[in-house]
Every structure is written in structure tokens, then in C-alpha cells.
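The values are calculated or read from the model by the stated rules, or taken from the named source; none is laboratory data. Small disclaimer: the values here were computed from a predicted structure and weren't measured. Glycine gets a Cβ as well: all are built from the backbone with ideal geometry, and neighbour counts include every protein chain shown. Accessible surface is based on the protein model in full, side chains and every heavy atom, while ligands, DNA and RNA are left aside. Shrake-Rupley method; radii C 1.70, N 1.55, O 1.52, S 1.80 Å.
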Amino acid sequence: MAKNARSVLKESLIDFIFQDTSLMDYVFLGIPLYSRSELITRYFIFILLFLILWSIFIPKSLLYVVILVFVSHFLNWFFNGHGYQIFFEVIDMEYSADKAIEYVLKLREESMRRGLHVMIYGSWARGKASKKSDLDIFIINVHGSIFSGLKMCFISLKYRFLALFNLLSVDIYVIDKVEYLVWRSKRVPEESPIILNDPTDTIRRIYRGERELKEFIEDIQKTYKSS
């Protein structure tokens, strides 16, 4: 368990340095800030958590302020989809197939109603998912406007809460730059996304193929625990 705890702290720190500061965008992708909306939302949640903790504990020294910063970041990181991955590793938690399917279909219905571009990527899109695999989801801000992106972030927050209540590990992010998907389609050519909605065919023009939603649901039923 100690080894898992160290691994969790290491992953949290790496996320903080590369992803939450958008350094990864420049170093690995050469794309300046592919998700401004996501970054703004994360910092908003982080600051809110920090202020709440400050009001509760009222730090008396710089050390306690630093501790509050890292606790606030860790809670934010946990809420952003990584929390149940920790539980799975530490206590061997199992995900519910029925809850996962219901979650995906609910998101699909809302994305169609709102005209959102939504896809599932990652191990499920590569056909290599295991019972430890989480659901990796992109909401694509095709027009790239910050206002549209922030509205989509509120929707992603809603589905983060839904995942939290349903004991599911879900990474759901808003992408402001379509160029990132172009980069990803070349970087991970074996990935065929599960497209929940693509009203302008933006995703389909980038990727050469896709996995059918029916096939994805069958995989979840085989992989996750039956309820």
C-alpha cells in the first residue's frame, strides 16, 4: 500500500507540473495551450478549495500555506477523474458495467441534445481496455471560443460529479484546439475513437476509423463487473 501511495503522489506531482501548468502542451506537442477552458476551470476549482481550507485551518506559517496548496491541488486532481483509480489500486475496487453504460448513454443523449462533439479515447478506443481502465472522454470545442469552452467545462463538471456518485473513474476534458486531435491521431494511430456525437463530422475527418458504440458497450459488459 505504501508503494501505491508513493505512486499516487508521484503521478499527482507530474500532473501538477506538466498538465496543470500546460507545460506538456509546449514540450511534447508544440501546441500553445490546447485547452484554455480546462485550465481556467481547474485553477478556479483549485483556488476555491484553497480558500475553503484556508478559512477552516487559518495557516500560521509558510509551511502550512504550502501544505494547503498541495492538499488543494491533490483534491482537485482526485476530483478530475483520478480518485477511483487510487481506490482500485489500493482496495481492488471494481467498476460497475451497468453504471458505466448508463453514464455513457446519458452523456451521448445530452451531447446530441446540445450539439456537442464528444468522443471516448484511450484504452477503450484502442481495444486494449482492462478492468482497471477508466473512461477517457473528450468534449471538443470545435470553434475554439473561450465562452463556448467554459460552458462545456460546466457540462464536464456535471459529469465528473456524476462519475463520483456512481463510483466510476472518468477523465473527461474539454479540448479547445482541434489541432490537438490531429496530433493525437498521428501520435496514436491505433486509436479508433468511440464517437458519441459529431454534428459537423470534425472527429471523423481527423480519424480514419471509429469503434461502434455497440461494440464498446459489449466490451464494457465483458470487462467490468456485472451488477
Assess whether residue 226 counts as being surrounded by fewer than 16 Cβ atoms within 10 Å (Cβ to Cβ) and modelled with pLDDT under 95.
yes
Residues of region 109-137 that turn out to be closer than 19 Å to residue 207 by Cα, of a type in the set (D, E, K, R) and part of a helix (DSSP H, G or I), as a count
0
Being over 27 Å from residue 37 (Cα atoms), modelled with pLDDT of 95 or more and assigned to a helix (DSSP H, G or I) narrows 106, 99 down to just 99
Would you confirm whether any residue within region 148-171 is touching a Gly at 6+ places or on another chain (Cβ under 6 Å), at pLDDT below 90 and of a type outside the set (Phe, Trp, Tyr)?
yes
Hits in region 102-120 (condition: of a type outside the set (S, T, N, Q) and open to solvent by less than 20 Å² (accessible area, probe 1.4 Å))
103, 104, 107, 110, 116, 117, 118, 119, 120
Of the residues in region 173-214, those that are open to solvent by 80 Å² or more (accessible area, probe 1.4 Å), farther than 27 Å from residue 36 by Cβ and assigned to a helix (DSSP H, G or I) come to 214
Whether any residue in region 123-140 is aromatic (Phe, Trp, Tyr), farther than 21 Å from residue 42 by Cα and buried (at least 21 other Cβ atoms within 10 Å of the Cβ) is what I want to check.
yes
If a residue has to be assigned to a helix (DSSP H, G or I) and surrounded by 14 or more Cβ atoms within 10 Å (Cβ to Cβ) to count, how many in region 141-164 make the cut?
14
